[in-house]
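Q: This structure is in structure tokens; I'll ask about it shortly.
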Amino acid sequence: MEFGPRALGNRSIVVDPRRYEMKDTLNARIKKREPFRPFAPSILEERVAEYFEQTLPSPTMLMVYQVKKDKQSAIPAVTHVDGSGRLQTVSRETNPRYYQLISDFEKLTNVPVVLNTSFNEDEPIVCTPEEAVNCFQRTRMDVLFLGNYMVQR
């Protein structure tokens, strides 16, 4: 489990970043946040230079980097109005399961990025399976993964 204020792939809601409307969908169905608040990109660490102007690893989602102009339309749901993104770089060594999820998404879409936001509705980030199930039941999430288990509506 992560520590601190950020969801780093273990207690996260993960969404396709290629569709601009996913920000509004996520807010309407789950997060209920102000529309101007951005969502974060999680990207495979070795692919950062292809999508962002800065390339230092940012595994704890504390850095804001400029999305390259030619990639902004590829990942609009995680590109803020100023062209930036508060990204998380994901390495195979630090989080193999999340790395594999992003790698599999890339195999399907040719995009090594997912939208990542904290797994919560209007409370602290979930910490237990019971909290995850409760949040899933209260909201309009499509699928819940708990370890190797999947719950689908």
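The values are calculated or read from the model by the stated rules, or taken from the named source; none is laboratory data. Note that this is a predicted model, so its numbers are computed, not measured. Don't worry about glycine lacking a Cβ; one is built from the backbone with ideal geometry, like all the others, and counts go over all protein chains shown.
Q: For residues that are of a type in the set (Phe, Trp, Tyr) and out of contact with any helix residue (DSSP H, G or I) (no Cβ under 6 Å at 6 or more places or on another chain), scanning just the stretch 1-52, find the one that is surrounded by the most Cβ atoms within 10 Å (Cβ to Cβ). First the steps, then the outcome.
A: In the first step, residues of the stretch 1-52 are kept if they are of a type in the set (Phe, Trp, Tyr); the result is 3, 20, 36, 39, 51-52.
Checking which are out of contact with any helix residue (DSSP H, G or I) (no Cβ under 6 Å at 6 or more places or on another chain) leaves us with 3, 36, 52.
Values: Phe3: 7, Phe36: 8, Phe52: 24.
The extreme case among them is Phe52.
Q: Tell me which residues, restricted to the stretch 1-18, are at pLDDT 95 or above and in a loop (DSSP other than H, G, I, E, B).
A: Answer for the stretch 1-18, where residues must be at pLDDT 95 or above and in a loop (DSSP other than H, G, I, E, B): Asp16, Pro17, Arg18.
Q: Scan Pro96, Pro35 and give me the residue that is in contact with a Lys or Arg (Cβ under 8 Å, 6 or more places away or on another chain), without any contact (Cβ under 8 Å) to a residue 40 or more places away in the chain and on the phi < 0 side of the Ramachandran plot. Reasoning before the result, please.
A: Values: Pro96 fails: in contact with a Lys or Arg (Cβ under 8 Å, 6 or more places away or on another chain).
Matching residue, one of Pro96, Pro35: Pro35.
Okay, residues lined up against (1) modelled with pLDDT of 95 or more; (2) over 29 Å from Asp70 (Cα atoms); (3) in contact with a Ser or Thr (Cβ under 7 Å, 6 or more places away or on another chain); (4) part of a loop (DSSP other than H, G, I, E, B):
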residue: Tyr99; (1), (2), (3), (4): yes, no, yes, no
residue: Ser103; (1), (2), (3), (4): yes, no, no, no
residue: Glu123; (1), (2), (3), (4): no, yes, no, yes
residue: Cys127; (1), (2), (3), (4): no, yes, no, yes
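Q: Something else about it: So the check is Cβ under 8 Å with 6+ separation or different chains; which pairs have a first residue in the stretch 100-115 that's hydroxyl-bearing (Ser, Thr, Tyr) and a second one that's surrounded by 12 or more Cβ atoms within 10 Å (Cβ to Cβ)?
A: Ser103/Leu44; Ser103/Pro112; Thr109/Asp16; Thr109/Arg18
Q: Of a type in the set (Val, Ile, Thr), in a helix (DSSP H, G or I) and more than 14 Å from the chain's Cα centre (by Cα), is that true of Val133? Walk me through how you get there before you give the answer.
A: Working: of a type in the set (Val, Ile, Thr): yes; in a helix (DSSP H, G or I): yes; more than 14 Å from the chain's Cα centre (by Cα): yes.
Here the answer is yes, as Val133 does meet what is asked.
Q: For the stretch 53-83, enumerate the residues that are of a type in the set (S, T, N, Q) and either buried (at least 19 other Cβ atoms within 10 Å of the Cβ) or assigned to a helix (DSSP H, G or I) (or both).
A: If the condition is that a residue be of a type in the set (S, T, N, Q) and either buried (at least 19 other Cβ atoms within 10 Å of the Cβ) or assigned to a helix (DSSP H, G or I) (or both), then Ser58, Thr79 are the ones that fit.
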